[in-house]
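The values are calculated or read from the model by the stated rules, or taken from the named source; none is laboratory data. In this text the structure is predicted, and so the values were computed from the model without any measurement. A quick note on method: Cβ atoms are made from the backbone with ideal geometry, for glycine too, and the neighbour counts reach across all protein chains shown. Calculation scope for accessible area: heavy atoms of the full protein, side chains included, ligands and nucleic acids excluded. Shrake-Rupley method; radii C 1.70, N 1.55, O 1.52, S 1.80 Å.
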Amino acid sequence: MEKYQNKYRIPPARAPFWDYAWNASYFVTVCTQNRICWFGNVVNGQMVLSEIGEIAHQCWSDIPIHFPFVKLDAFVVMPNHVHGIVTIDKSDYDIKTERNLNERDGNERNSNERDENGRNSNERNVETQNFASLPHPPSQPQIPQEPQTPSQPHTPPPRTQNKFGPQSKNLASIIRGFKIGVTKNARLIQPDFAWQTRYHDHIIRDVSAHYDISAYIINNPAKWSDDQFYMP
């Protein structure tokens, strides 16, 4: 990813040495298909959200409702992409809560499940389904504060400790759920709305990087004209 002073260039595939269900903080960028500016415009260095932009903002804010082990940090909706920090922290996550959520969401299964761009999909991730509820007015991003010590381990735990499995309760399922929720609501307004298939991620290693990335995210609207994703 050629952003953030070329420091966080991430290849399309996820890091092969890392289990994305592990406790960690991740810097995530999700772009619209063809970088179309569905989410609004930057005016005088401030992001002015469109109706679809408000949907994207609210769906991101709602992520912890559907994934109780997720904590959100700095994030911003830009005209054609979203930046955010997602922290997976399962240290206080109750296995009973996990079971209850699966039972609840399992009752909502149906054969017409679609992926984040509305295509039929045979893969079901039950935690993504309630993102389609109508959003509330968005709150404003917070000025970055000095972050607490990140929960991610410097030395990854053995993979056998990943009790939630490799295909669920991980970063991919979180972002997939967010994208599905935005798509379902956005297409009530604009049927052509679509996401880029892939997303970019960076594993945040320490407090200093966490703080720098937070500041970068919050200051993104003021530097929109210099952005890699800039569309006039």
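The amide H of Val48, built 1.01 Å from its N in the peptide plane, has Asn41, Val42, Val43 as neighbours under 5 Å, considering only residues 5 or more places off or on other chains.
Heavy-atom accessible surface of Lys184, to the nearest 10 Å², is about 90 Å², with a 1.4 Å probe and all protein chains retained.
Evaluate E = 1/(1 + (r/R0)^6) for Lys71 and Asn41, where r is the Cβ-Cβ distance and R0 equals 25 Å; express this FRET efficiency to the nearest 0.05. Each step should come with its number before you reach the end.
On the way: r = 30 Å, r/R0 = 1.20.
For R0 = 25 Å, the calculated efficiency reads 0.25.
Distance between the 7 Å Cα→Cβ label points at Asp92 and Glu51: 3.9 nm.
Calculate, for Thr197 and Met231, the FRET efficiency according to 1/(1 + (r/R0)^6) with r their C-beta to C-beta distance and R0 22 Å; round to the nearest 0.05. Write out the running numbers ahead of the final one.
Values: r = 19 Å, r/R0 = 0.85.
The pair Thr197/Met231 has a calculated efficiency of 0.70.
Arg198 exposes around 130 Å² of accessible area when a 1.4 Å probe is run over every protein chain in place.
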